[in-house]
Every structure is written in C-alpha cells, then in structure tokens.
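Worksheet: one structure, shown below.
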Amino acid sequence: MNSLVRSQLERILPTSACEREQLNDALAWIDSGAALCRTEKPATPPKHLVSYFPLVDGEYILLVDHKNARRWLPPGGHVEPGEDPRTTVLRELREELGLRATEAEVVAPLMVTVTGTVGITSGHTDVSLWYPVKRSRNTALTFDTSEFNSVRWFHFSEVPLERTDPNLEHFLSKLRAGA
C-alpha cells in the first residue's frame, strides 16, 4: 500500500513552499514504514491517511458543515487498511453524499496536506490527499446527517476561509490556475 500511495504523491506538483514541505513530510512518513491507516477511532495511529474529494463545478465547491470538526470542509473519509485512496473516494461519495462515481472520475490527487485536527476529537494528524471530483451544482445529494449539519455549494470567492481547512485557499488557487 505504501508504494501505491507514494506513486500517487509523486504525481503532485507543489506550487508553494508550504505545499512542498507538506508533500515532503508525507513522503518521509510513507517511507518510514509507519502504519498509514487508522485502525481505531478516533486517532490510532495518531497520524493517518484521509481522502478528501471536493466536488467542483466551475468556480463553485461543495463543502460540508462537519459536526465533529465544527468547520466547513470538503467531503472526505479515512482510508481503510489495504484500500487504494481513490477507492476511498468512491466509497465515501456513496456513504456521505449518496453519489456514485466511476474510477475514471477520480483522477490523481491535486495536492496532499498534513494537518492537525480540530473539533471534538482533535489531537491527531490527517495526511489528506485532495481528489477534485467534477459534479454539477444541480446534482441531487443525500448527505449523511449523522456526520454533517448541512452541505452547501460556495463560489470560490465566498468560501468561509476562517472556518475551514487551512489549506483550502491554496487548493482553490490551484484549481483556478488550472492545475
């Protein structure tokens, strides 16, 4: 699994020093042989792999009002042991938003981030692969009410950056640049 994740990370082209630093951190973590996947909730091991899958329609992004994190975040989920992070996207799209997607719709990750969590179960580090998924804002969604208060499409200029993942602004800039 480590080599699979590493091969996906090697395709990411960082566009800032901060992004390069996070990519290097993730690569060193993978190369260390550490367990990559969460084996026990909320935080065992304390650093584990997550797949974010921001839904994007032009200059609009779907964010979820996450109950635990108490932030507007891209939808995402923890990678299961032995699972390709792209497969995580397909599984979590169904579980969290009631959507089906094909493997062809889940391209390589646009970036990776290494972020300390916030909210009710803070205290661990998520290594998040960001897989943009193109979807129309008119797509019907059935979101997981046990995990989210609501879901909403935001124009890039209206994203509540003070209440979201600290790396979302950089992700949006990469999308705007056509990365």
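The values are calculated or read from the model by the stated rules, or taken from the named source; none is laboratory data. Everything numeric here is computed off the predicted structure, so don't read it as measured data. Positions of Cβ are backbone-derived with ideal geometry, glycine not excepted, and every protein chain shown enters the neighbour counts.
For the range 61-77, the condition holds for at least one residue, the condition being that it is among the β-branched types (V, I, T) and touching a Leu at 6+ places or on another chain (Cβ under 9 Å). Can you confirm whether L90 is part of a strand (DSSP E or B), under 17 Å from V56 (Cα atoms) and under 13 Å from the mean Cα position of the chain (by Cα)? No, not satisfied. Within the range 104-126, restricting attention to residues that are among the hydroxyl-bearing types (S, T, Y) and in a loop (DSSP other than H, G, I, E, B), the residue that is nearest to P14 (Cα to Cα) is T117. In the set (1) out of contact with any helix residue (DSSP H, G or I) (no Cβ under 7 Å at 6 or more places or on another chain); (2) part of a loop (DSSP other than H, G, I, E, B), the condition left unmet by A101 is number (1). For the range 79-109, the set of residues classified as touching a strand residue (DSSP E or B) at 6+ places or on another chain (Cβ under 8 Å) and of a type outside the set (A, V, I, L, M, F, W, C) consists of P85, R86, T88, R91, E92, E95, E96, E105, P109, listed by residue number. The residue that is farthest from the chain's Cα centre (by Cα), among those in the range 127-179 that are among the charged types (D, E, K, R) and assigned to a strand (DSSP E or B), is R152. Close Cβ contacts (under 7 Å, 6 or more residues apart or on different chains) running from residues in the range 146-175 that are over 22 Å from E95 (Cβ atoms) and among the hydroxyl-bearing types (S, T, Y) to residues that are surrounded by fewer than 18 Cβ atoms within 10 Å (Cβ to Cβ) and at pLDDT 95 or above are absent.
When the range 19-38 is limited to residues that are under 11 Å from V114 (Cβ atoms) and more than 15 Å from the chain's Cα centre (by Cα), the one that is surrounded by the fewest Cβ atoms within 10 Å (Cβ to Cβ) turns out to be A28.
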